[in-house]
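Trainee: To start, I am sharing the structure in question, which I have written as structure tokens.
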Amino acid sequence: MRQLFEKLEAKGISPDAFYMLWSIREKIKPTVIAMFLGVRTLKKLAYVDAEGNITETGNALLDYVAGPKDDSVPIDEVSNIDKYLCIFPKGKLPSGKPARVNKKNIDDAFKWFRKNYDYEWDVILQATLYYIETYEKTNFMYMRNSQYFIRKQNTDRSWDSELANYCEIIINGDEEDNTPHFSEKVV
């Protein structure tokens, strides 16, 4: 989300004006902002002509903010995805599922993750390492595989991300202390 606002700020356009421009291109009527103010601003910035049609500059801005049209994963993300997969153990989990899944499935899962969450790669990798270390203590019992850790569909068709939860743990510094706990058996 931060990247969107940085792009808008770099081009000198407010989020409201950008929303108005996008609404004109998509041929929908915005309901949460005043149209006349937005159109006037867009005309002033030359993103819309006198008749209210999007100019080439306006289309270029929409394309710039939207990013590349292809769905390819950037090269630096590919190496991070490789690092991510290497954190997971080789072989199968106690559930019988492979711990590491196909890289294409991971690419798709991370595309979804990046659209929904704004965590840096170092946080993602730290969270993954912490997750694996947590389950290593129990011989990986009930641990999710590399794909389901990123996202898993619930029975109500909504998506859940254990990775996002662990990223929050890393950011907030809520990791468990690794001090040994002593317990006594009561008979």
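Trainee: Of the cross-linked pairs LYS7/LYS104; LYS7/LYS44; LYS7/LYS152; LYS7/LYS111; LYS27/LYS152, which ones have a Cα-Cα span greater than 26 Å in the structure shown?
Mentor: Details: LYS7/LYS104 29 Å; LYS7/LYS44 19 Å; LYS7/LYS152 31 Å; LYS7/LYS111 20 Å; LYS27/LYS152 34 Å.
Result: LYS7/LYS104; LYS7/LYS152; LYS27/LYS152 exceed 26 Å.
Trainee: Taking square-rooted eigenvalues a ≥ b ≥ c of the alpha carbon gyration tensor, is region 75-172 rounded, prolate or oblate, where a/c under 1.5 means rounded and, failing that, a/b exceeding b/c means prolate? If you can, show how the numbers build up before the last one.
Mentor: Values: a/c = 1.26, a/b = 1.20, b/c = 1.05.
The shape class here is rounded.
Trainee: Okay, moving on. Quick one: PHE113, PHE5, fewest Cβ neighbours within 10 Å first, how do they rank? Please list the in-between numbers first.
Mentor: Details: PHE113 20, PHE5 11.
The fewest-first ordering by Cβ neighbours comes to PHE5, PHE113.
Trainee: Per-residue counts of other Cβ atoms within 10 Å, averaged by peptide: what ranking do you get for 40-49, 13-22, 89-98, highest first?
Mentor: Details: 40-49: 16.9, 13-22: 18.7, 89-98: 12.6.
Highest mean packing first, the order is 13-22, 40-49, 89-98.
Since every read-out is calculated from the coordinates, none of them should be taken as a lab result. Quantities reported herein were computed from a predicted structural model and do not represent experimental measurements. Cβ sites come from the backbone with ideal geometry, for glycine too, and all protein chains shown count toward neighbours.
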